[in-house]
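Contents: one structure, followed by commentary.
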Amino acid sequence: MKELKGIQIVGAILIGSFMVSCASSMDKGIKASDPIYSDSDYYDHYMSATRGGDLIVKFDVKYRVHATYLSPEFRASLIKRTNDLYLEDAAESFKEASSKAGFIVTAYGQERESVDMMNPSHWTLLFESKEGPVKPILVKKITDKIRWRNFFETMTPWTVDYLVVFDRTAVNPGAENLVEKPITKLTMATGEGKIKLEW
């Protein structure tokens with residue numbers, strides 16, 4: 001029995017050292033990119049810019065919706081991470097929202113067609129600021145998930161993803177130099193309920 005235990009210990013050490021050597025034996029000049037959560041500067045900005053949750057009806061999750069506010073602060077972090085990953089100037093990323101209030105909205109629903117936010121008969125999207133609520137001037141489906149899942153962890157193969165832009169000026173809601181905290185609210189309403197998010 002002692003011999004068997006000794007063999008198990010030696011085997012565990014050998015397997016552990018093999019796994020460590022595999023993880024650290026990449027060829028010279030090859031480096032894996034940091035996942036979202038390991039890029040602490042980006043991830044902190046991403047988490048502070050993202051809100052969301054589940055719309056539950058009778059213990060059933062009808063929708064799982066998240067929105068990331070493309071505030072100037074978050075966009076700067078997004079551009080830096082894009083430059084780091086793809087070695088290109090990313091200032092044009094989501095250029096439709098470069099100066100206006102924009103959001104990346106990721107939505108999952110039990111029926112994929114029920115998450116068509118481009119259909120105003122099924123979804124109402126409103127942005128509320130101190131000037132009052134407005135409807136979007138652009139709702140555009142994001143199709144390149146392979147690129148953008150490196151930036152938005154709520155973007156999955158099962159979500160439908162949108163760029164939503166409103167004709168309002170983008171602001172940094174948490175900026176310390178602001179005398180008054182700006183109102184930044186996004187409401188998404190469908191037949192089953194409403195999702196209200198605030199920054």
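Any read-out appearing in this document is the output of simple, stated calculations on the displayed coordinates, not a laboratory observation. Model, not experiment: these values are computed from the prediction. Cβ atoms come from the backbone with ideal geometry, glycine included; neighbour counts cover every protein chain shown.
Structural remarks
- Sequence-separation-based contact order of region 33-198, relative, with Cα cut under 8 Å and 6+ spacing, percent: 24
- Amide H contacts under 5 Å for ILE56: LYS62, restricted to partners 5 or more places along the chain or on a different chain, H placed in the peptide plane at 1.01 Å from N.
- Spatially proximal lysines relative to LYS135 (Cα-Cα < 27 Å; intrachain offsets below 8 disregarded): LYS62, LYS95, LYS100, LYS145, LYS181, LYS185, LYS194, LYS196
- Relative intensity, log₁₀ I(q)/I(0), of region 81-175 from a Debye sum that treats every alpha carbon as a point, q = 0.18 Å⁻¹: -0.95
- Cβ-to-Cβ counts within 10 Å put ILE195, ILE142, ILE104 in ascending order as ILE142, ILE195, ILE104, the fewest first.
- Cα-based Rg / Dmax (Å) for region 33-198: 15.6, 48
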